[in-house]
Amino acid sequence: MEFRIDNKAINLASRKEIPLIAKGKTGNIYRYGSEVLKVFDGEIKPQIDHDTAKTMTKIHTKRILLPKRLLMCGNTFSGYTLNRIPKKGTKKKMVTTPKDELVCSIRELEEDVEEISANNILLSDVSPENTIFNGKLYLSDPSKYTKLSLAPTEDLNRVNQYQIYLLLSELFAKELRTMNFSKSNISQFRELLSLKDNEQKPSEYLDYIIDDKSNIKEMIKAL
């Protein structure tokens, strides 16, 4: 089998040029220059399709890592590259950075979500396990993102933002409660943190931010 990126043949067997970093449930992760390369397990059908991945290569984001180049084996979509983020930070270091930096992270995540939603992409599997801390917060695994061409952009943006807010409230609930929300467009955290305090389910918050007449709730089944 010959794998190619940008019509350039690559040798996955060369551990010196393309060292293996990790093995996952759906494929392996390799270091590939300044990028990381995810190669799908040939026996498992990838959840991300070629059309979705190709769309994401054209989207510019700062904190949500998206496919940069696609790996092909003949006509078969076999993986993709991502920008490599050195894992130098930890959650402890992250939360002790100035609050202005945390606000900046949140703002840039929101901007990324707006751009992603404008391209009809639905985020999925947004969890602490799929984040990288390097003084800044990054989402690192787009393998389950899907393209919903007929979804209203405004509603899709709400669902995607909701997932980001839920993630951040889980990671930094204590820190977010002490922040000055007037400096950032993240007032939704107030309601979300309140619901968490009252032990209400996330679906109730979803009902709060999404119009009942919208069919966007069906998208949640894909999460």
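The values are calculated or read from the model by the stated rules, or taken from the named source; none is laboratory data. Since we're looking at a predicted model, the values are computed, not measured. Because the Cβ atoms are built from the backbone with ideal geometry, glycine has one as well, and the counts that use them run over all protein chains shown.
Could you tell me how many of the residues in segment 132-143 are modelled with pLDDT of 90 or more and either surrounded by fewer than 19 Cβ atoms within 10 Å (Cβ to Cβ) or in contact with a helix residue (DSSP H, G or I) (Cβ under 7 Å, 6 or more places away or on another chain) (or both)? It would help to see each step written out before you state the result.
To start, the set of residues in segment 132-143 that are modelled with pLDDT of 90 or more comprises 138-143.
Add one more test, that the residue is either surrounded by fewer than 19 Cβ atoms within 10 Å (Cβ to Cβ) or in contact with a helix residue (DSSP H, G or I) (Cβ under 7 Å, 6 or more places away or on another chain) (or both), and what stays is 139-142.
Total meeting the criteria: 4.
Please work out if residue 79 is surrounded by 17 or more Cβ atoms within 10 Å (Cβ to Cβ) and modelled with pLDDT of 90 or more. Considered against the rule, which asks whether it is surrounded by 17 or more Cβ atoms within 10 Å (Cβ to Cβ) and modelled with pLDDT of 90 or more, residue 79 comes out as yes. So is residue 80 more than 27 Å from residue 110 (Cβ to Cβ), part of a strand (DSSP E or B) and among the aromatic types (Phe, Trp, Tyr) or not? Here the answer is no, as residue 80 does not meet what is asked. A single entry from 101, 115 fulfils the requirement of being more than 20 Å from residue 129 (Cβ to Cβ), in the same structural domain as residue 167 (by TED's automatic domain parsing) and either modelled with pLDDT of 95 or more or among the polar types (S, T, N, Q) (or both): 115. Within segment 30-58, track down each residue that is at pLDDT 95 or above and of a type in the set (Gly, Ala, Ser). Once the filter is applied, which keeps residues that are at pLDDT 95 or above and of a type in the set (Gly, Ala, Ser), segment 30-58 yields only 53.
Considering segment 118-155, and only residues there that are within 12 Å of the chain's Cα centre (by Cα) and either charged (D, E, K, R) or in a helix (DSSP H, G or I) (or both), the residue that is nearest to residue 68 (Cα to Cα) turns out to be 141. Note on segment 38-77: residues that are in contact with a Gly (Cβ under 8 Å, 6 or more places away or on another chain) and in contact (Cβ under 8 Å) with a residue 60 or more places away in the chain amount to 4.
Picking from residues in segment 25-80 that are among the polar types (S, T, N, Q) and within 19 Å of residue 129 (Cα to Cα), the one that is farthest from the chain's Cα centre (by Cα) is 28. The residue list 148, 156, 109, 137 contains one member that is under 16 Å from residue 56 (Cα atoms), among the aliphatic types (A, V, I, L, M), touching a Lys or Arg at 6+ places or on another chain (Cβ under 9 Å) and outside the structural domain of residue 58 (by TED's automatic domain parsing), which is 109. Would you point out the residue of segment 1-48, among those that are under 20 Å from residue 76 (Cα atoms) and of a type in the set (Asp, Glu), that is surrounded by the fewest Cβ atoms within 10 Å (Cβ to Cβ)? Among those that are under 20 Å from residue 76 (Cα atoms) and of a type in the set (Asp, Glu), it is 43.
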